[in-house]
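A short write-up of the structure that comes next.
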Amino acid sequence: MDDFVDPNPTRRSSTARARALPALAFLLLLAVVWADPLFSRRNFAGRDLLAYNLPLEKAIHDAYARGRFPLWVSEISGGRPLLPNPNAGAMYPIRVLLSRLPFPFAVKVFPVIHWTLAGIGMLVLLRALQRSRAAGWIAAVTYVFSGVVVSDVFFPHVVPGMAMLPWIVWIVARPGSRFAFQTVLLSLFLTLDVLAGDVFTTGIAILAALAWIVSASAPADRKRLLLVLASATGLAALAGLPQILATLLWIPETNRAVSGITWGEALEYSISPYRLLELVIPYPFGAIWTADRGSIWGWRVHSGQMMGLFLTLYAGALCPIALVSSWKVRLPAARFARLLVGISLLLAVPPSLLPDAWRGRVAPIALRNPEKFAVLLAFGLALLSAVGYEVLRARSRLPRWILITGVALGLAAVLAAAAPGTAARLAIALTRSRSDLAEIASRDLPRALSEGALLWMATCVALELARSGRRAIAMSGLALLTAVPIVATRRIGWTFREDEVLAPPAFARFLQKHDPEGRYRTLGELIFRPAGAMEVAESGSDVGLADVARRSWALHTQALWGRGTVFNADFDNGDLSRVQSLRRISGMAEGFPDAASFFGSFSLRWGTRYRDRAPVSGYARVGGAGLDDWDENPAALPDIRLAARWREEPGAVEAFRRIPALGRGEIVVETGRSAEGGAPPGEVVVRERRPERLVLEVRTPSPTWLFVLRGFWRHRVVRLDGREIEVFPAQLAFSAVAVPAGNHRIEWDEEFPGWSVSRFGPLLYAAAIAARFAWDRLCTSRAMPLS
């Protein structure tokens with residue numbers, strides 16, 4: 001096959017070694033830049049990583065380490081589906097492979113593996129576009145060390161799609177590939193994108209492939225390439241069908257689908273036009289990388305947040321220089337890159353201009369954060385940087401405007417330092433920020449402008465050196481161009497000591513001692529209390545918001561230590577809708593006649609808060625450490641128990657109304673009828689407790705209900721003495737089964753949603769590929785002349 005055979009093996013071997021050198025050099029660069037944490041007991045953390053992603057990553061890692069699918073996570077929102085949530089990317093193959101390694105090491109190499117894949121992908125792509133090795137290096141460094149891609153360290157669900165993007169474009173742009181080979185290879189990468197789970201990056205990949213076909217491919221090839229893309233997308237849908245169908249079955253039961261999200265929620269993270277300044281000045285709106293509220297003034301630019309999803313759009317001063325310098329270049333790579341930049345800005349910037357009056361309206365599509373399209377911006381700018389580098393090297397001298405811009409930036413920095421108050425008032429007025437932030441702006445603007453000027457002028461010097469005819473000098477210019485984005489964005493990748501991230505805090509150790517079997521849950525009391533002086537003081541200087549995530553027990557962090565909550569924040573709008581309804585009741589629970597019984601019915605025995613906040617009604621202090629007080633609710637009942645009393649109701653509305661009036665130990669079950677009952681005490685013995693499986697032995701003198709604190713979900717099988725029985729909603733959001741009198745064994749298994757159908761998808765994918773190659777082989781053999 002001509003895709004694999006080289007007629008000159010000796011030449012191929014020497015060429016392969018030469019081509020491997022940039023890839024090895026790039027791998028070495030990553031190892032040096034990220035030596036901390038790679039070669040020390042430190043880990044990436046901060047922002048969404050510790051509050052949301054690492055707990056999910058650990059649940060997935062532990063499930064595969066046990067040899068099971070990661071179907072369920074028990075510690076979040078009282079228990080909810082895990083694999084169906086696409087943000088988890090639970091079926092992504094690299095996660096399966098990394099499950100064989102210790103979790104602390106697996107999670108810190110995960111982004112580095114993908115940065116490596118992304119960089120090598122850019123090298124391969126630029127070689128296919130017949131650009132020089134230096135241009136390929138520039139593209140790789142610009143992309144991987146852009147502020148967007150480095151910020152992806154906080155979003156493991158985005159990282160795989162970012163890494164696959166250059167490879168997908170390479171497959172489409174690769175000349176001379178046979179239809180079947182190109183289709184299969186493209187389908188494999190698109191399948192990885194689908195399994196990684198982020199809808200935006202999957203869409204970005206298909207959009208980028210389509211953009212190449214439209215803007216850069218030969219007109220004679222476009223029909224064939226469109227067919228390749230369509231066929232590969234269809235094949236990827238088959239291969240990824242287990243994830244796709246599981247997600248489609250999960251979505252209708254989520255809060256996001258039932259209640260919808262508002263335009264304000266959907267578009268909160270989009271790119272303000274003011275942020276385009278970040279293409280030249282890395283951090284114009286404050287020292288965002290410190291996560292110090294007292295160092296940030298551009299809150300309005302980030303829709304009231306300290307920062308956007310990506311801490312900066314900066315990818316080196318060469319990006320804006322190349323954008324201007326290569327504007328009229330007609331090379332396919334340049335046309336393609338300009339189109340990507342335009343598309344990304346069109347998709348990510350206008351949503352930030354939505355009028356405030358619209359923000360409360362329900363959005364038609366429950367997707368969030370168009371800022372993710374900035375991945376496409378970083379990719380397009382990296383390609384333009386490579387083209388611009390070659391264009392500028394070929395000129396007799398650099399355009400004067402480049403130097404003039406650097407001088408102007410330096411002059412602006414001097415003026416901001418000389419008149420900080422005036423500069424701050426001007427910046428506040430232009431961005432319509434709060435006037436009380438002017439003092440922060442006056443302190444920060446000289447630094448921000450100086451940094452932008454220095455990096456710009458360093459790029460000017462590097463370009464002059466790169467134009468030298470002497471190899472050593474040209475290489476020094478390339479090294480300086482490499483350093484510019486790294487200097488600006490390396491500070492984004494926050495790292496902490498491993499024990500600061502993954503080791504259980506004092507409260508988790510307290511729970512392990514007093515509740516070793518994990519029969520109870522914890523209430524993060526801060527969600528019911530306004531922020532106090534201690535919380536404000538700590539969050540103002542909490543780098544990466546790591547301490548808040550570990551202390552609050554209102555996010556997902558506690559799942560790292562195998563400890564659960566019920567009324568935590570719905571970080572990804574992915575809770576089952578019934579849980580969200582119950583969360584609304586919980587906000588009013590302190591006004592109930594017996595708040596202790598309400599919280600206790602959901603096994604919320606423990607509570608934690610800052611010392612300067614009063615405990616939630618029904619809780620009393622039992623200990624504390626540092627800034628924290630720990631509370632206990634004596635009325636709490638175990639998460640798996642036989643009901644002492646119950647009420648049956650026809651549906652969710654009636655159950656919702658009934659919950660505030662329930663007595664201690666009483667549950668409400670939605671059976672479709674109205675009734676009530678009670679039973680003398682029985683016994684439940686837990687023989688096996690895993691997220692995906694429970695095995696219980698039950699002894700009861702009379703018929704009763706077994707309550708299990710697991711979100712009500714239809715995709716599970718529960719067997720009583722080997723016979724499948726029905727599961728009913730209990731306490732609105734959780735689960736119960738009817739148990740007759742006597743001794744019984746109950747086996748409770750979470751199901752892979754849609755597996756009975758979706759498992760055939762990968763089989764059909766393999767069959768389609770085999771059939772296509774068999775057909776090609778048959779056609780080739782028929783076309784061969786007889787000897």
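Among the residues in the range 72-88, are any assigned to a helix (DSSP H, G or I) and open to solvent by 10 Å² or more (accessible area, probe 1.4 Å)? Please lay out each step first, then the result.
Initial filter on the range 72-88 (assigned to a helix (DSSP H, G or I)): 86-88.
With open to solvent by 10 Å² or more (accessible area, probe 1.4 Å) added as a condition, the list becomes 86-87.
Yes, the conditions are met somewhere in the range 72-88.
Does at least one position in the range 399-409 carry a residue that is among the β-branched types (Val, Ile, Thr), open to solvent by less than 20 Å² (accessible area, probe 1.4 Å) and in contact with a Leu (Cβ under 7 Å, 6 or more places away or on another chain)?
The first filter runs over the range 399-409 and keeps only residues among the β-branched types (Val, Ile, Thr), leaving 402, 404-405, 407.
Now drop any that are not open to solvent by less than 20 Å² (accessible area, probe 1.4 Å), which leaves 402.
Of the ones still in play, those that are also in contact with a Leu (Cβ under 7 Å, 6 or more places away or on another chain) are none.
No, there is no match, as no residue in the range 399-409 is among the β-branched types (Val, Ile, Thr), open to solvent by less than 20 Å² (accessible area, probe 1.4 Å) and in contact with a Leu (Cβ under 7 Å, 6 or more places away or on another chain).
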Problem - Unmet criterion (only one of (1) buried (at least 22 other Cβ atoms within 10 Å of the Cβ); (2) at pLDDT below 85) for Phe592 - result: (1)
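If I filter the range 543-558 down to residues being under 17 Å from the mean Cα position of the chain (by Cα) and modelled with pLDDT under 85, which single residue comes out as nearest to Thr522 (Cα to Cα)?
First, pick out the residues of the range 543-558 that are under 17 Å from the mean Cα position of the chain (by Cα): 544-546, 549, 555-557.
If we keep only those that are modelled with pLDDT under 85 too, we end up with 544-546, 549.
Values: Gly544: 24, Leu545: 21, Ala546: 19, Ala549: 15 Å.
By that ranking, first place goes to Ala549.
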Exercise for the section: Scan the range 422-441 residue by residue and report those that are open to solvent by 30 Å² or more (accessible area, probe 1.4 Å), part of a helix (DSSP H, G or I) and within 22 Å of Asp292 (Cβ to Cβ). Expected result: Ser435, Asp436, Glu439
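Which one of Ala413, Ala408, Ala394, Ala418 is free of Cβ contacts under 8 Å to residues at least 60 places away in the same chain and in contact with a Pro (Cβ under 7 Å, 6 or more places away or on another chain)? Steps first, please.
Details: Ala408 fails: in contact with a Pro (Cβ under 7 Å, 6 or more places away or on another chain); Ala394 fails: in contact with a Pro (Cβ under 7 Å, 6 or more places away or on another chain); Ala418 fails: in contact with a Pro (Cβ under 7 Å, 6 or more places away or on another chain).
Just a single option satisfies the conditions, and that option is Ala413.
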Exercise for the section: Please give the number of the condition Arg693 fails out of (1) over 40 Å from the mean Cα position of the chain (by Cα); (2) within 25 Å of Leu604 (Cβ to Cβ). Expected result: (1)
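How many residues are small (Gly, Ala, Ser) and outside any loop (DSSP other than H, G, I, E, B) when one looks only at the range 585-644? Can you show your working first?
Here is the first cut: in the range 585-644, the ones small (Gly, Ala, Ser) are 586-587, 589, 591, 595-597, 600-601, 603, 607, 614, 617-618, 620, 623-626, 635-636, 643-644.
When the remaining residues are screened for being outside any loop (DSSP other than H, G, I, E, B), the result is 586, 589, 591, 595-597, 600, 607, 620, 623-625.
Counting residues in the range 585-644 that are small (Gly, Ala, Ser) and outside any loop (DSSP other than H, G, I, E, B) gives 12.
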Practice task
Show the residue pairs that are 6+ apart or on different chains and have beta-carbon atoms under 8 Å apart, the first residue being within the range 569-592 and within 20 Å of Leu249 (Cα to Cα) and of a type outside the set (D, E, K, R), the second being open to solvent by 40 Å² or more (accessible area, probe 1.4 Å) and in a loop (DSSP other than H, G, I, E, B).
Solution key: Asn573/Arg368
Practice task
Would you tally the residues in the range 639-677 being touching a residue at least 40 places away in the same chain (Cβ under 8 Å) and among the acidic types (Asp, Glu)?
Solution key: 3
Problem - Checking Asp444 against (1) touching a residue at least 24 places away in the same chain (Cβ under 8 Å); (2) open to solvent by less than 20 Å² (accessible area, probe 1.4 Å); (3) of a type outside the set (Phe, Trp, Tyr); (4) under 26 Å from Tyr389 (Cα atoms), the condition it does not meet - result: (4)
Completion exercise
Taking the range 238-269 and the residues there that are small (Gly, Ala, Ser) and outside any helix (DSSP H, G or I), the one that is farthest from Leu763 (Cα to Cα) would be Gly260
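With the condition kept exactly as written, say whether any residue in the range 561-573 is within 19 Å of Phe44 (Cβ to Cβ), surrounded by 22 or more Cβ atoms within 10 Å (Cβ to Cβ), at pLDDT below 85 and of a type in the set (A, V, I, L, M, F, W, C). Show your work before the answer.
So the first thing to find is which residues in the range 561-573 are within 19 Å of Phe44 (Cβ to Cβ), and the list is 561, 571.
Okay, now just the ones that are also surrounded by 22 or more Cβ atoms within 10 Å (Cβ to Cβ), so none.
No - not one qualifying residue is present in the range 561-573.
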Problem - Selection status of Arg393, open to solvent by 30 Å² or more (accessible area, probe 1.4 Å), more than 23 Å from Val484 (Cα to Cα) and either in contact with a helix residue (DSSP H, G or I) (Cβ under 9 Å, 6 or more places away or on another chain) or among the β-branched types (Val, Ile, Thr) (or both) - result: no
Completion exercise
Arg605 passes all but one of the listed conditions (1) open to solvent by less than 40 Å² (accessible area, probe 1.4 Å); (2) of a type in the set (Lys, Arg); (3) at pLDDT 95 or above; the exception is number (1)
Exercise for the section: Assess whether Ser13 counts as being exposed (fewer than 14 other Cβ atoms within 10 Å of the Cβ), among the polar types (S, T, N, Q) and at pLDDT 90 or above. Expected result: no
Practice task
Kindly list the number of the only condition in (1) of a type outside the set (Gly, Ala, Ser); (2) open to solvent by 40 Å² or more (accessible area, probe 1.4 Å); (3) over 23 Å from Ala614 (Cα atoms); (4) in a helix (DSSP H, G or I) that fails for Gln580.
Solution key: (2)
Handout entry: Exclusive hit being closer than 23 Å to Leu229 by Cβ and in a helix (DSSP H, G or I), set Leu185, Leu97
Key = Leu185
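Out of the range 663-680, which residues are outside any strand (DSSP E or B) and either among the small types (Gly, Ala, Ser) or crowded, with 16+ Cβ neighbours inside 10 Å (or both)?
Going through the range 663-680, the residues outside any strand (DSSP E or B) turn out to be 663-665, 671-674, 679-680.
Matches in the range 663-680: Gly663, Gly665, Thr671, Gly672, Ser674, Ala679.
For Ile213, are the conditions met, namely being open to solvent by 10 Å² or more (accessible area, probe 1.4 Å), in a helix (DSSP H, G or I) and not acidic (Asp, Glu)? Outline the logic, then answer.
Working: open to solvent by 10 Å² or more (accessible area, probe 1.4 Å): no; in a helix (DSSP H, G or I): yes; not acidic (Asp, Glu): yes.
No, not satisfied.
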Practice task
Please state which of the following conditions Leu383 fails to meet, knowing it meets all the rest: (1) modelled with pLDDT under 95; (2) crowded, with 23+ Cβ neighbours inside 10 Å.
Solution key: (1)
Fill in the blank from the handout: Filter the range 357-380 for residues that are assigned to a helix (DSSP H, G or I) and surrounded by fewer than 16 Cβ atoms within 10 Å (Cβ to Cβ); the one that is nearest to the chain's Cα centre (by Cα) is Trp358
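Please specify each residue of the range 681-703 satisfying the condition of being touching a residue at least 12 places away in the same chain (Cβ under 8 Å) and either under 19 Å from Arg658 (Cα atoms) or open to solvent by 70 Å² or more (accessible area, probe 1.4 Å) (or both). Break it down into steps so the answer makes sense when it comes.
Initially, the range 681-703 is screened for residues touching a residue at least 12 places away in the same chain (Cβ under 8 Å), giving 681-686, 689-703.
Matches in the range 681-703: Pro681, Glu683, Arg689, Arg690, Arg699, Pro701, Pro703.
Residues are listed down the side, and each one gets a yes or a no for (1) at pLDDT below 95; (2) closer than 20 Å to Val375 by Cβ; (3) buried (at least 23 other Cβ atoms within 10 Å of the Cβ):
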position	(1), (2), (3)
Val112	no, yes, no
Trp115	no, yes, yes
Met122	no, yes, yes
Leu125	no, yes, yes
Arg133	yes, no, no
Ile138	no, yes, yes
Thr142	no, yes, yes
Phe145	no, yes, yes
Val150	no, yes, yes
Handout entry: All positions within the range 719-773 that are of a type in the set (D, E, K, R) and either closer than 30 Å to Arg645 by Cα or under 30 Å from the mean Cα position of the chain (by Cα) (or both)
Key = Arg719, Asp721, Arg723, Glu724, Glu726, Arg745, Glu747, Asp749, Glu750, Glu751, Arg759
Exercise for the section: Determine whether Leu354 is in contact (Cβ under 8 Å) with a residue 60 or more places away in the chain and out of contact with any Asp or Glu (no Cβ under 9 Å at 6 or more places or on another chain). Expected result: yes
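The values are calculated or read from the model by the stated rules, or taken from the named source; none is laboratory data. In this text the structure is predicted, and so the values were computed from the model without any measurement. Reconstructed Cβ throughout: ideal geometry from the backbone, glycine too, with neighbour counts over all protein chains shown. Heavy atoms of the whole protein, side chains included, go into the accessibility calculation; ligands, DNA and RNA do not. Shrake-Rupley method; radii C 1.70, N 1.55, O 1.52, S 1.80 Å.
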